[in-house]
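Contents: one structure, followed by commentary.
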Amino acid sequence: MSIGVRRRMGVEERRQQLIGVALDLFSRRSPDEVSIDEIASAAGISRPLVYHYFPGKLSLYEAALKRASEDLAGRFAEPHEGPLGTRLLRVMRRFFDFVDEHGPGFSALMRGGPAVGSSATNALIDSVRQAAYEQMLAHLGVTEASARLELVVRSWISLAESTALIWLDGRRVPRAELELQLVHDFAALAAVSAAHDEDMALLLRTMVKDEPADGPFAELVGRLLSLAP
């Protein structure tokens, strides 16, 4: 008869386990409501051992947030092939997948959570927004954005965040409708800006030239093109 021996985790392996456990708990409830005792119990270790790897809940929260932010930033990556509207719709679906999976944690972070205001947290949030911004410029085939284009893209990213937060509060609008709406919102923002800027008008026409008639924003952009000079 053989007796199983529990394998002892290395330092980094244990840290990663604790981050994963914390992220799972923070994803289901606001981080303010999750205690170190709960994290220790879920990880199958003692409370003092958690403190051996992390000085406190804030540092563990920031480590979990770093993993989540890398995941979220990666969801904006999309092959630069095919119609832009279709690409953006796939990105929005993955974005809402993340919001759906990490609802309470996402809401706590954006509305004010235990690590909000710290330099580490602010840097992580900014890194996700910057990754999304750079991905959008790449999809548009732009290496250096004009002032108007930067305003359009960054405004749209903020709109996606706020839309997700409102949706989490009761989920009163079907998720698929919001995903499509945000694709339309980007086209609308670009079209309105094009009404005031010749370079934006040119970019808008480039954006839609290969859009199929049944694409996510082809019909909307067609109606708004009359705004462009």
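Hey, rough spin-label estimate for residue 198 and residue 126, points 7 angstrom out along Cα→Cβ, what's it come to in nanometres?
3.6 nm
Taking only protein heavy atoms and a 1.4 Å probe, what accessible area per residue, in Å², does the chain have with all protein chains in place?
52 Å²
With an 8 Å Cα cut-off and a minimum separation of 6 or more residues, compute the relative contact order for region 1-93 in percent.
Reported as a whole number, the value is 24 percent.
Most mobile of 34, 11, 91 per a Gaussian network model of the chain (Cα springs, under 10 Å)?
Per the Cα network of the chain with a 10 Å cutoff, 11 tops the list.
What's the magnitude of the charge dipole for the chain around its Cα centre, counting Lys and Arg as +1 and Asp and Glu as -1 at the beta-carbon? Answer in Debye, nearest 20.
With Lys and Arg at +1 and Asp and Glu at -1, about 900 debye.
What does the charge count around residue 84 come to, taking other residues whose C-beta lies under 9 Å from its C-beta (Lys +1, Arg +1, Asp -1, Glu -1)?
Net charge around residue 84: -1.
So what J values fall out for region 203-215 if you push phi through Karplus, 6.51 cos²θ - 1.76 cosθ + 1.60 with θ = phi - 60°, rounded to Hz, Gly and Pro as x?
Couplings: 4, 4, 5, 5, 4, 9, 5, 9, 6, x, 4, 9, x Hz.
If you keep only loop residues by DSSP, which GluC sites (Glu not before Pro) in region 1-89 have at most 10 other Cβ atoms within 10 Å of their Cβ?
Within region 1-89, the qualifying GluC sites (Glu not before Pro) (loop, at most 10 other Cβ atoms within 10 Å) are 81.
Largest first, what is the accessible-area ranking of 66, 209, 57 with a 1.4 Å probe?
Result, largest first: 209, 66, 57.
With springs only between Cα atoms under 10 Å apart, run a GNM on the chain and tell me which of 135, 181, 17 wobbles the most.
The residue that fluctuates most here is 17.
For region 86-190, what value does the Rg/Rh ratio take when both radii are computed over Cα atoms and Rh is the Kirkwood radius, given to two decimals?
Over the Cα atoms of region 86-190, Rg/Rh equals 0.97.
In whole percent, and with a 1.4 Å probe on the protein chains, what portion of the accessible area of the chain is carbon and sulfur?
54 percent
Kindly provide the helix-only [θ] at 222 nm of the chain, computed as the sum of -39,500 (n - 2.57) over DSSP H runs of four or more divided by all residues, to the nearest 500 deg cm²/dmol?
Dividing the helical sum by the residues of the chain leaves -22500 deg cm²/dmol.
The values are calculated or read from the model by the stated rules, or taken from the named source; none is laboratory data. Because the structure is a prediction, the values reported are computed rather than measured. Cβ atoms come from the backbone with ideal geometry, glycine included; neighbour counts cover every protein chain shown. In case anyone asks, the SASA skips ligands and DNA or RNA and just uses the protein heavy atoms, side chains included. Shrake-Rupley method; radii C 1.70, N 1.55, O 1.52, S 1.80 Å.
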